[in-house]
1. Considering only region 279-301, state which residues are within 16 Å of GLY227 (Cα to Cα) and open to solvent by less than 50 Å² (accessible area, probe 1.4 Å).
2. Could you check LEU209 against (1) assigned to a helix (DSSP H, G or I); (2) open to solvent by less than 30 Å² (accessible area, probe 1.4 Å); (3) under 30 Å from GLN360 (Cα atoms) and say which number it fails?
3. Go through region 114-165 and report how many residues are open to solvent by 30 Å² or more (accessible area, probe 1.4 Å), in contact with a helix residue (DSSP H, G or I) (Cβ under 8 Å, 6 or more places away or on another chain) and among the β-branched types (Val, Ile, Thr).
4. For ALA319, indicate whether it is open to solvent by 20 Å² or more (accessible area, probe 1.4 Å), over 19 Å from LEU189 (Cα atoms) and hydrophobic (A, V, I, L, M, F, W, C).
5. Working only within region 243-259, note down all residues that are open to solvent by less than 40 Å² (accessible area, probe 1.4 Å) and more than 15 Å from ALA297 (Cα to Cα).
6. Which residues, taken from region 89-105, are under 22 Å from LEU146 (Cα atoms) and either open to solvent by less than 40 Å² (accessible area, probe 1.4 Å) or modelled with pLDDT under 90 (or both)?
7. Hey, ALA308 hits all of (1) loosely packed, with under 15 Cβ neighbours inside 10 Å; (2) at pLDDT 95 or above but one; which does it fall short on?
8. Restricting attention to region 267-306, which residues are more than 22 Å from the chain's Cα centre (by Cα) and not charged (D, E, K, R)?
Amino acid sequence: MYHHRDLLDDLNKPLPLKDKMVSAHRSVQSKFPFISRIAIALYDPDTRILKTYMDSSGSDKPLAHYQTSLDNAPSLKEILSKGLPRVVNNLVTFENGTHEHTQRIGRSGYAASYTMPIFHGGEFVGFLFFNSHQSDVFTENILSVLDIYGHLIALMIVNELAMLKVMNAALKTTSGITHFRDPETGSHLDRMSRYSRIIAESLTDQYNLDDAYIEHIFMFSPLHDIGKIAIPDNILLKPGPLNEEERSIMNTHARKGREMIDDIVMNFGFNSINHIDVLKNIAEFHHEAVNGSGYPAGKRYDEIPLEARIVAVADVFDALTSHRPYKEAWSNEKAFAMLKQLAGEKLDIDCVNALIQNHQKVEEIQQQFKENSYG
């Protein structure tokens, strides 16, 4: 007797997280057709920012590439403080539509929502949203079923994030050894990862980027130089300029970084992680130049993966504006002028312009993640 079809069978398959979420949404709609959107927002505890991450609503994306401080979302902050889900059966009157995220949802025709906080090991991860174009649909009987689906979807998200956390921990532990030897440490990684996110967000329409891709650039960009662990001290820590032979050895760190990541991904079984190729491309190709003069492959223009072009600009800008034992920090204006000179030769023009056009956000990041005596 094999007549029954498991509506959640896709969850057993090695599919991307997005596909699994869409499949779970289809299963929900088989019971409750009025559930038109399921979405996830992640929380960054360092900045108290909520960021849209993933949804199952197809082309209808009222909050694509949206982020806000948790302090600017009092209704969500209240959910977190209570640790309990919230039902809003009539979004028209909710909060009088005073907050941007509420207004965007309302303009898209959503009339009701059910919001669940996501926790893992007692730590707040983000929010899960069920939205409907119909009002007054979230009855107790329906909510009792949605709770099961909600926890199932939350577990998928948490499982993916947990794998990312373990992988990042393994890579950061390894790269941490490098940073004990490499002078470019500390808040450099905090800043350049957020510069990378600014650039990616600015290019969303031009390159049709989704929130998950942007978030993974933010997560993975700090690992760009992991291959430096394979570089001997006499080259990595040399105070003066490198000779041709030393430069050739230093340049191997990009390829070695990719090889290290491949090994860790294979040994820990991380192949199913969403956008794992983004991490590999960042490590291997962030020193490529758009005119073909970079390394390790001499790629040109769009042969270079976008994520590598983004991280290259973020990394160069922070290097220019940071104090180092061998140089003083440049002003933003001087650094932006240098980026313009490098645009179209070494750096991608679109990525350079994206960072320069967001100078105010850049300054906010610099204020929040100032250098200390360790860099």
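1. Result: LEU279, LYS280, ASN281, ILE282, ALA283, GLU284, PHE285, HIS286, GLU288, TYR295, PRO296.
2. The one condition LEU209 does not meet is (1).
3. 1
4. It is false that ALA319 is open to solvent by 20 Å² or more (accessible area, probe 1.4 Å), over 19 Å from LEU189 (Cα atoms) and hydrophobic (A, V, I, L, M, F, W, C).
5. GLU246
6. Within region 89-105, ASN90, LEU91, PHE94, THR102, ILE105 meet the criteria.
7. The number of the failed condition is (1).
8. Selection gives ASN267, ALA289, VAL290, ASN291, GLY292, SER293, GLY294, TYR295, PRO296, ALA297, GLY298, TYR301.
The values are calculated or read from the model by the stated rules, or taken from the named source; none is laboratory data. Please read all numbers here as calculations on a predicted model, not as lab measurements. Cβ sites come from the backbone with ideal geometry, for glycine too, and all protein chains shown count toward neighbours. Note: accessible area is taken over every heavy atom of the protein model, side chains too, but ligands, DNA and RNA are not part of it. Shrake-Rupley method; radii C 1.70, N 1.55, O 1.52, S 1.80 Å.
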